[in-house]
Amino acid sequence: MNAIDNAVNQFRTLLEEQIARAGRMQNAAPAKDFTKLPVVTIGVIDGDGIGPIITGHSTRVLEALLKDEIAAGKIVLRRIEGLTIENRLAKGQAVPADILAACKQCDVLLKGPTETPKGGTMESANVTLRRELDLFANVRPVRVPEEGIDWTFFRENTEGEYVLGGRGVTIPDTLCMDFKVTTLPGCRRIARAAFEFARKNGKTNVAIVTKANIMKKTDGTFSEICHEVAKDYPGIEAEDWYIDIMTAKLINKEARGRFQVFVLPNLYGDIITDEAAQIQGGVGTAGSANVGDQYAMFEAIHGSAPRMIETGRGDYANPASILRAAEMMLRHIALPEKADALARAMDACPLAITGGKDGATCAEYCDALIASLA
Ligand code: IPM
Ligand code: MG
């Protein structure tokens with residue numbers, strides 16, 4: 001068989017798989033109400049590099065914050081071991097099957113950063129977990145109150161360039177093609193999540209950010225479906241923006257304060273949320289929620305910082321990002337007072353973390369939070 005036939009056959013398989021996925025979305029089970037669970041099981045995953053340090057100390061903060069709920073059996077904090085680069089490489093699986101099964105026994109997950117092997121074919125553990133748990137909404141808030149910035153990004157988390165990453169086609173010595181996939185139910189559910197959030201939080205504007213002038217099929221459909229969903233939210237303005245000009249607007253101090261909620265396809269969302277986090281003070285300061293109908297995963301948005309470990313600075317790692325993620329998790333499971341208490345403790349903490357010996361250690365910082373929560 002020649003290279004073109006091979007590629008065409010591969011494309012047929014991909015199409016069939018994606019049509020089946022769209023069908024599963026359409027027939028999905030009703031969403032679980034995370035605010036009404038009698039017992040919430042929180043799975044805690046350490047990750048790699050600085051992951052065990054920031055996750056371990058943050059867990060102590062959660063244990064202090066939730067001591068009554070834990071004692072009453074309403075909250076269970078459960079460590080899920082083994083999502084390490086060594087174990088994943090040994091098993092040849094981005095998320096080993098027993099770990100995935102353990103994740104599915106929990107309601108929500110709090111996850112430290114995991115390393116993605118360079119090269120090779122192994123997928124990132126994040127991308128695998130997002131797909132396997134169908135965590136379609138990547139929600140990333142960015143706030144700079146003194147500048148009037150209060151943004152919430154709804155990044156589609158299971159489609160676009162990511163869903164078939166690594167499964168493109170190659171015609172040897174000639175060309176290669178990757179695929180970008182947008183399904184109608186996939187657009188509908190992320191649009192619904194963004195507009196529902198806007199409605200519940202008194203927001204009046206949702207920016208739909210695409211490159212629909214070029215990516216006519218995929219982004220064109222994304223925008224179209226967002227506008228269709230917007231019709232159910234009469235008080236909320238739905239505005240189209242192109243991703244290139246939006247990246248410029250976000251660094252325009254006069255223009256950026258007007259934005260409230262953003263809804264956007266996967267790759268644009270990945271890129272622009274790093275830009276936004278930097279405006280807030282760096283990726284280390286931002287939390288991230290990956291929300292689906294049955295599960296939700298809350299994670300630090302930075303990487304595993306292997307260099308900090310190599311240079312012996314691991315103990316000085318900053319837990320702010322994972323603690324902000326924990327704050328989002330507490331809101332998701334209907335403990336807003338606990339989330340507020342954690343946020344207040346962090347905002348008022350006099351200790352500064354610099355990542356080096358001139359700053360506090362992760363342990364000292366978390367001890368200070370625990371003391372102020374008592
Ligand atoms: C993120 C990260 C991930 C992504 C990586 C680690 C796969 O950049 O959560 O934004 O691209 O989604
Ligand atoms: Mg990213």
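Any read-out appearing in this document is the output of simple, stated calculations on the displayed coordinates, not a laboratory observation. As the structure is a prediction and not an experimental result, all values here were calculated from the model. Positions of Cβ are backbone-derived with ideal geometry, glycine not excepted, and every protein chain shown enters the neighbour counts.
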Once the cut-off is 32 Å, how many percent of the Cα-Cα pairs in the chain end up in the long-distance tail? 34
Please work out how much length the chain gains when fully extended from K67 to A352, using 0.36 nm per residue of separation minus the C-alpha to C-alpha distance, in nm with one decimal. 100.0 nm
Placing unit charges on C-beta atoms (Lys and Arg positive, Asp and Glu negative, everything else neutral), compute the dipole magnitude of the range 136-280 about its Cα centre in debye, rounded to 20. 360
What net charge do the residues around A300 carry, taking every other residue with its C-beta under 11 Å from that of A300, with Lys and Arg at +1 and Asp and Glu at -1? +1
Only Lys, Arg, Asp and Glu count, each charged at its Cβ (+1, +1, -1, -1), so figure out the dipole size of the chain about its Cα centre, rounded to 20 debye. 540
Between A29 and D178, what length comes free when the chain is fully extended (0.36 nm per residue of separation minus the Cα-Cα distance, one decimal in nm)? 50.5 nm
Out of R12, R256, R21, any idea which swings most in a Gaussian network model of the chain, alpha carbons joined below 10 Å? R12
Which distance in nm do the two modelled labels at Q294 and H227 give, with both placed 7 Å along the Cα-to-Cβ direction? 3.5
For the charge dipole of the range 15-64, defined by +1 on Lys and Arg C-beta atoms and -1 on Asp and Glu C-beta atoms about the Cα centroid, which residue among I53, V40, I19 has the Cα displaced farthest towards the positive pole? V40
dims of the range 136-280, Cα set, principal axes, largest to smallest, nearest Å -> 54, 33, 24
Stretch A22-K253 to full length: gain in nm at 0.36 nm per residue minus the Cα-Cα span? 79.1 nm
Would you mind checking the pairs K211/K253; K180/K253; K36/K203; K118/K216 and listing those with alpha carbons more than 28 angstrom apart? K180/K253; K118/K216
